[in-house]
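The values are calculated or read from the model by the stated rules, or taken from the named source; none is laboratory data. Please read these numbers as outputs of a predicted model, since none were measured by experiment. Note: ideal-geometry Cβ built from the backbone for every residue, glycine included; neighbour counts use all protein chains shown.
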Amino acid sequence: MIKSVKNIESTPLTAGVGASMQMLISPNEAPHFAMRKFVIKKGGSMPLHTNSVEHEQYVLAGSAKVFIGEHEMMVHKDDVLFIPAGIAHAYDVLGDEDYEFLCLVPNQDDKIEMVKNSCGCSC
């Protein structure tokens, strides 16, 4: 299978500010992992939430303050993140550029839960 990301629909995310997702490789297309591309527009954010599956992420562009559990860090293009299942995480985009990243997750049921904001982020 070969696809062009230009031909894959981008879906706005209701939970984030300026956030959207493209399903690059769906759970129906691959046996073990799904691949998604997220874009959070400059000045945007994703609220604090948990997922029941782990996330592996590769930052394609931009910078963001990322909250993972009790940790707050700045991430930039070419950084790689691992977010364990069940750990709360959030994103605040910084700078003049959109924050874009690939996110790979196992093909398992993924329950997403919003977490009450106690991290100090704008999520």
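Odds and ends about this structure:
- Within segment 1-15, being without any contact (Cβ under 8 Å) to a residue 60 or more places away in the chain and in contact with a strand residue (DSSP E or B) (Cβ under 9 Å, 6 or more places away or on another chain) holds for MET1, LYS3, VAL5, ILE8, GLU9, SER10, THR11, PRO12, LEU13.
- Taking residues in segment 105-116 that are in contact (Cβ under 8 Å) with a residue 40 or more places away in the chain, and partners anywhere that are surrounded by 11 or more Cβ atoms within 10 Å (Cβ to Cβ) and of a type in the set (Ser, Thr, Tyr), the pairs with Cβ atoms closer than 6 Å and at least 6 places apart or on different chains are ASP110/SER52; LYS111/SER52; GLU113/THR50.
- Test result for ALA90, over 27 Å from LYS3 (Cα atoms), aliphatic (A, V, I, L, M) and within 11 Å of the chain's Cα centre (by Cα): yes
- Residue identified as basic (Lys, Arg), modelled with pLDDT of 95 or more and touching a Cys at 6+ places or on another chain (Cβ under 8 Å) among LYS42, LYS37: LYS37
- Residues in segment 23-51 that are within 14 Å of the chain's Cα centre (by Cα) and over 15 Å from ASP98 (Cβ atoms): MET23, LEU24, ALA34, MET35, ARG36, PRO47, LEU48, HIS49, THR50, ASN51.
- Of all the numbered requirements in (1) among the hydrophobic types (A, V, I, L, M, F, W, C); (2) in contact with a helix residue (DSSP H, G or I) (Cβ under 7 Å, 6 or more places away or on another chain); (3) assigned to a loop (DSSP other than H, G, I, E, B), LEU24 misses one, and that requirement is (3).
- Search result, residues across segment 13-64 that are at positive phi and either buried (at least 17 other Cβ atoms within 10 Å of the Cβ) or among the β-branched types (Val, Ile, Thr) (or both): GLY18, GLY62
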